[in-house]
Structure formats: structure tokens, C-alpha cells
Amino acid sequence: METYSEAAAAAAGITDRFVQDNQSFSAFEGTIRGIHFQKGPHAQAKLVRCVRGAILDYAVDLRRGSPTYGQHVAAKLTAEGGEQLYVPVGFGHAFVTLGPDVEVAYKVTDVYAPDCDGGILWSCPTIGIDWPLPASGPTLSDKDKFLPTLAEFDSPFDYDGRPLTPLPVL
């Protein structure tokens, strides 16, 4: 399986240069990761894929002044299907695992910088993501339990003139 092609990405409108690959493992169905972003000077775009299991992947518009600020798009990514979702700079990223023992891999356009790390609370009522969760509820990291809501957030991202549209799934 070809997991990345610069030419295929460019044909989908993705011209970013990726500098780092990351991978995460989630043992439990209903694990939520996010809503995460990295602000400047190390803001990151991401190209996300599921390498084991399945996730519902989300991109949330966090660009100040955007007519779609706080809105989100979602895509189901599966290891079997090989789909990938591109999340541009200025968007928060989150996913929920749709089964146990899920692995997610993603390329990023800048290195991880803890001082640039940020997030929005997964259950923010303004964003209103309808997470598909098991009866036991979500599994969350301590970090993801105590993030601000959108109303408490001062966005470091500016609107670039492009409204939220379905993001490229490769």
C-alpha cells in the first residue's frame, strides 16, 4: 500500500511539506483524542490515517473571523480502506475510536513544540460534536478533560478567506 504520494496530495490541493510522522495507540473503544492544535510559530497541518481499526476523525474551524468558525467536518478513516484526512493549519483536530486497539498515524508540517500546544474541550456545546460513544462513555486523557470551551478561547489563527468545505480525504 502506498501511504503517501506528493503528486497525489498536490492533485488534491495539498502542497504542504511534512516534517514528522507520529503514531498513537488507543486500547479502548470510545477513546477521544482532541480537540488539539499547535499555534505559531510551530503551527501544524496534519495528514491523518488509521493504521489499525477505525476512527471518526474531525477538523474544527478555529480561524478568527471565519464565517464557519466553530463548525466541523468529519470523515470515517479505517485501516482497511486506507483513507486519509488533511487538517490544515487553523483547524483543531480530534478523533474517536470506533473499536478497541486502534492505531492512528499522522504526518505534520512542523515539529512538536509543547509551548505551542493547545486544545478545545471535546464536549464544547458550541462546537456540538455528536460523538459515537459506547454506553460506558468516553475514555479521555487528563489533558483532554480540562481544556477551555470555544467561548473561553482566544484564537491565534486568522481567517485566510477560504470557508470550511469538506476537507480532502485521500
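Summary table below
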item: Listing of strands (runs of 3 or more DSSP E) fully contained in region 1-85 that carry 3 or more residues being open to solvent by less than 50 Å² (accessible area, probe 1.4 Å) and under 21 Å from Pro148 (Cβ atoms); result: 32-38, 54-61
item: Pro100 vs. criteria in a loop (DSSP other than H, G, I, E, B) and closer than 24 Å to Ser155 by Cα; result: no
item: Meets criteria (open to solvent by less than 40 Å² (accessible area, probe 1.4 Å), hydroxyl-bearing (Ser, Thr, Tyr), touching a residue at least 24 places away in the same chain (Cβ under 8 Å) and under 11 Å from Thr31 (Cα atoms)) for Thr97; result: yes
item: Residue match in region 137-150 (condition: outside any strand (DSSP E or B), surrounded by fewer than 17 Cβ atoms within 10 Å (Cβ to Cβ), without any contact (Cβ under 8 Å) to a residue 60 or more places away in the chain and touching a Cys at 6+ places or on another chain (Cβ under 8 Å)); result: yes
item: Residues within region 115-136 that are hydrophobic (A, V, I, L, M, F, W, C) and either at pLDDT below 95 or open to solvent by 90 Å² or more (accessible area, probe 1.4 Å) (or both), tallied; result: 1
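One line per residue, one yes/no per condition, for (1) within 13 Å of the chain's Cα centre (by Cα); (2) in contact (Cβ under 8 Å) with a residue 40 or more places away in the chain; (3) at positive phi:
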| position | (1), (2), (3) |
| --- | --- |
| Thr15 | no, no, no |
| Gln20 | no, yes, no |
| His36 | yes, yes, no |
| Gly82 | no, yes, yes |
| Leu85 | yes, yes, no |
| Val89 | yes, yes, no |
| His93 | yes, yes, no |
| Val102 | no, yes, no |
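The values are calculated or read from the model by the stated rules, or taken from the named source; none is laboratory data. As the structure is a prediction and not an experimental result, all values here were calculated from the model. A quick note on method: Cβ atoms are made from the backbone with ideal geometry, for glycine too, and the neighbour counts reach across all protein chains shown. Surface accessibility is based on the protein's heavy atoms, side chains included, excluding ligands, DNA and RNA. Shrake-Rupley method; radii C 1.70, N 1.55, O 1.52, S 1.80 Å.
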